[in-house]
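Participant: Take this structure first; my questions come after.
What follows draws every value from the coordinates through simple rules; no lab data is involved. Worth saying up front: this structure is predicted, and the values here are computed from it rather than measured. Cβ atoms come from the backbone with ideal geometry, glycine included; neighbour counts cover every protein chain shown.
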């Protein structure tokens with residue numbers, strides 16, 4: 001069972017999950033996320049599925065056992081979301097209606113997990129690629145139902161709250177509006193926009209925003225969900241076209257906490273951080289990022305945005321398939 | 001020339017240094033940090049030296065050009081500190097008097113750089129090992145003279161300030177005192193103590209503290225400097241003995257800002273973060289750390305402290321030499 005400790009010096013929670021240190025690591029002969037049929041050996045004992053969600057066997061988070069409250073919910077709230085039964089696919093290669101379904105699944109999990117009294121934040125994310133430390137290649141994302149609002153979300157919400165107090169406006173809406181005609185915009189359609197942020201930490205960081213002021217994935221209407229599906233596909237596909245290989249990334253969703261307070265300042269967005277600073281070089285986090293908390297970015301956001309816009313115009317059939325790791329030996 | 005941008009959503013500065021993207025990367029036939037004699041090709045045109053400091057040719061930080069002040073100091077304040085002329089050494093293998101000298105050099109640079117009007121924080125650190133993204137193996141550290149107090153230092157100082165206001169005591173002194181007889185202590189001598197913190201983010205994270213309430217490296221007296229030299233050697237050497245190889249790490253020094261304010265709540269300390277969670281596995285930062293700011297640690301601080309205490313008792317001659325990268329082909 002995972003444990004939490006509070007660091008009084010940085011004033012942050014740290015999660016301990018010691019049984020994870022021996023967790024499944026890039027198995028080469030067996031995929032626990034492939035459908036294995038009734039009575040099968042994988043986590044998904046189905047013949048097939050569209051999108052499937054199950055409890056993570058190696059949860060990083062559980063209920064807060066340090067608060068003194070006796071909370072024993074029926075699950076830890078750490079879930080795995082498998083995007084497709086097809087082992088060698090990636091998010092970028094999924095049909096748009098599958099991604100549209102995935103968004104409904106996220107919205108459902110946000111609402112169901114968020115309704116639990118012990119869940120303050122539903123953190124939806126994807127780790128893709130061995131460079132990110134991914135232990136299973138089958139296309140999947142994760143959901144952590146966290147008993148606190150995590151530091152980056154808390155910092156954003158505090159800044160947005162202060163901005164709202166002093167201007168009456170949404171900080172994210174203001175940022176978005178300044179990006180819409182600017183040199184860092186990748187694309188904007190009726191309801192979504194994607195751009196490299198002005199102060200990007202990662203060389204090819206991209207943020208996807210609903211243009212309407214929407215607090216959470218659950219608040220998106222049907223048209224917005226369809227546009228978000230297209231937008232996520234476009235961003236992930238553009239990376240693949242730009243780098244010429246199936247690009248690893250972290251995809252992180254920031255939205256309104258579910259701690260019972262109201263969060264009118266929250267504005268849903270999805271952030272992508274690929275670890276590459278060039279096709280042949282990774283951005284390593286080192287002393288300045290890890291010990292001081294300040295990012296040094298070796299690229300200029302206007303330049304990477306221009307590169308990604310160029311890549312997006314390439315013919316779609318140039319999108320590379322995933323070629324790393326266990327992909328070749330399975331399915 | 002590096003540039004800074006302010007992220008209004010996280011309220012942090014991000015540094016841009018685009019010329020760094022093509023910087024020297026693990027040269028295999030030439031070391032720019034080895035002494036090359038008068039007129040030589042390296043950065044150090046000396047026949048030999050003990051510790052040498054020079055300006056980084058690929059600075060990550062410069063003066064704050066976004067503040068509106070016209071500041072053109074004679075240097076960027078990004079310095080490289082070469083620990084020894086011997087290319088294949090590591091900090092852990094240096095004689096104690098060399099590390100003692102290094103501490104005097106750090107104190108000198110803290111005071112000289114900190115005295116500049118444009119320098120708010122002198123950040124002293126070392127990146128060691130290819131796993132950390134190190135581009136030059138010759139033993140060296142770095143100093144960034146930063147025009148702002150970086151986020152992690154700012155968070156610590158704010159917590160210490162609040163604690164001081166509410167209790168009259170130093171937060172770090174309180175933490176230290178609770179570690180001195182505890183299960184996470186590695187060692188304590190007259191003036192220094194080293195421990196795995198209660199809420200360690202990294203599996204083998206170790207903090208080294210002066211036991212006296214001292215704000216900066218410049219405030220240490222002669223006996224404390226000698227003890228700090230021994231303490232740093234003990235920690236770095238213990239990692240090598242524990243893992244059985246020359247262990248990569250980030251070493252980060254946190255101390256009082258130099259922004260002209262007084263910082264009675266600051267308490268100097270040095271933090272080590274090795275990237276290994278086991279001898280054969282790295283801790284990768286992924287979605288939860290990079291997108292939420294929350295660390296998930298797969299080890300228990302009491303366990304790693306016990307492992308490191310056991311390793312420290314091994315015979316010193318078992319300390320492994322550095323065996324990776326360019327080390328074998330040079331010098």
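Participant: Which of rounded, prolate, oblate describes chain A, given a ≥ b ≥ c as roots of the alpha-carbon gyration tensor eigenvalues and a/c under 1.5 marking rounded, otherwise prolate only if a/b is larger than b/c?
Facilitator: Numbers: a/c = 1.39, a/b = 1.04, b/c = 1.34.
Because its axes are fairly even, with a/c under 1.5, chain A counts as rounded.
Participant: List the distances, in nm to one decimal, from the label point of residue A:264 to the label points of the same position in every other copy, shortest first, placing each label point 7 Å from Cα along the Cα-to-Cβ direction.
Facilitator: Residue A:264 label point versus its equivalents elsewhere: 4.1 nm.
Participant: Please arrange A:146, B:253, A:89 by counting, for each residue, the other beta carbons lying within 10 Å of its beta carbon, fewest first. Show your work: numbers first, answer last.
Facilitator: Working: A:146 29, B:253 24, A:89 20.
Taking fewest neighbouring Cβ atoms as first place, the list is A:89, B:253, A:146.
Participant: Also, I was wondering about something else. Using a label point 7 Å beyond Cα on the Cα-Cβ vector, give me the inter-copy distances for residue B:117 in nanometres, one decimal, shortest first.
Facilitator: Reported distances to equivalent positions: 5.9 nm.
Participant: May I ask you to report, in nm to one decimal and beginning with the shortest, the distances from residue B:282 to the same position in the other copies, taking label points 7 Å along Cα-to-Cβ?
Facilitator: 0.4
Participant: Can you give the mean number of other chain Cβ atoms that lie within 10 Å of the Cβ atoms in peptide A:293-306? Let's see the in-between values first.
Facilitator: Numbers: counts 9, 17, 9, 10, 10, 11, 5, 6, 3, 0, 2, 0, 0, 0.
Mean partner shielding for this stretch: 6.
Participant: Which residue fluctuates most in the GNM of chain A (Cα springs below 10 Å): A:296, A:235, A:82?
Facilitator: A:296
Participant: Taking 0.36 nm per intervening residue step and subtracting the Cα-Cα distance, what contour gain separates residue B:108 from residue B:279 on full extension? If you can, show how the numbers build up before the last one.
Facilitator: Numbers: separation 171, 0.36 × 171 = 61.56 nm, distance 3.67 nm.
Once the chain is fully extended between residue B:108 and residue B:279, it gains 57.9 nm.
Participant: Label segment A:77-132 by shape, choosing from rounded, prolate and oblate, from the square roots a ≥ b ≥ c of the eigenvalues of the Cα gyration tensor; if a/c is under 1.5 it is rounded, and otherwise prolate applies when a/b is larger than b/c, oblate when it is not. Don't jump to the answer; show the numbers that get you there.
Facilitator: Values: a/c = 2.90, a/b = 1.63, b/c = 1.78.
Oblate shape, in that a/c is at least 1.5 and b/c is the bigger or equal ratio.
Participant: How much length is gained on full extension from residue A:185 to residue A:96, taking 0.36 nm per residue of separation minus their Cα-Cα distance?
Facilitator: Numbers: separation 89, 0.36 × 89 = 32.04 nm, distance 2.21 nm.
So the chain would gain 29.8 nm between residue A:185 and residue A:96.
Participant: R0 = 51 Å: FRET efficiency of residue A:314 with residue B:42, Cβ-based, nearest 0.05? Display every interim value, and only then the final one.
Facilitator: Details: r = 43 Å, r/R0 = 0.85.
Result of the calculation: an efficiency of 0.75.
Participant: Compute the length gained on full extension between residue B:173 and residue B:212: take 0.36 nm times their separation in residues and subtract their Cα-Cα distance, giving the result in nm to one decimal. Walk me through the numbers before you get to the answer.
Facilitator: Details: separation 39, 0.36 × 39 = 14.04 nm, distance 0.80 nm.
Full extension of this stretch gives 13.2 nm more.
Participant: Once you put a point 7 Å from the Cα of residue A:130 and another 7 Å from the Cα of residue A:222, both along the Cβ direction, what distance in nm separates them?
Facilitator: The answer from the label model is 4.4 nm.
Participant: Tell me the mean residue ellipticity at 222 nm calculated for the protein assembly as shown from its helices only (DSSP H runs of n ≥ 4, each -39500 (n - 2.57), averaged over every residue, nearest 500).
Facilitator: Per the formula, -8000 deg cm²/dmol.
Participant: In A, who owns the beta-carbon nearest the axis carrying A over to B, and how many Å from it?
Facilitator: A:285, 3
Participant: How many partner chain Cβ atoms sit within 10 Å of a residue's Cβ in peptide A:279-287, on average, as a whole number? Spell out each step's value before the answer.
Facilitator: Numbers: counts 0, 1, 4, 1, 2, 8, 7, 14, 18.
Across the residues of A:279-287, the mean count of other-chain Cβ atoms within 10 Å is 6.
Participant: While we're looking at this one, here's another question. For a quick check, take a GNM of chain A with Cα springs below 10 Å and name the residue from A:114, A:168, A:62 with the largest mean-square fluctuation.
Facilitator: A:168
Participant: Provide a whole-number value for the mean count of partner chain Cβ atoms within 10 Å of the Cβ atoms in peptide B:148-160. Don't skip to the end; give the middle numbers.
Facilitator: Working: counts 1, 2, 6, 7, 8, 4, 2, 8, 5, 1, 2, 6, 2.
Mean number of neighbouring Cβ atoms from other chains: 4.
Participant: Build a GNM of chain B with springs between Cα atoms under 10 Å: which of B:258, B:167, B:88 gets the top mean-square fluctuation?
Facilitator: Its mean-square fluctuation being the largest, the pick is B:167.
Participant: Then there is this: Given R₀ = 25 Å, what would the calculated FRET efficiency be for residue B:57 paired with residue B:3, taking r from the Cβ atoms and rounding to 0.05? Don't jump to the answer; show the numbers that get you there.
Facilitator: Details: r = 17 Å, r/R0 = 0.68.
Between residue B:57 and residue B:3 the formula returns 0.90.
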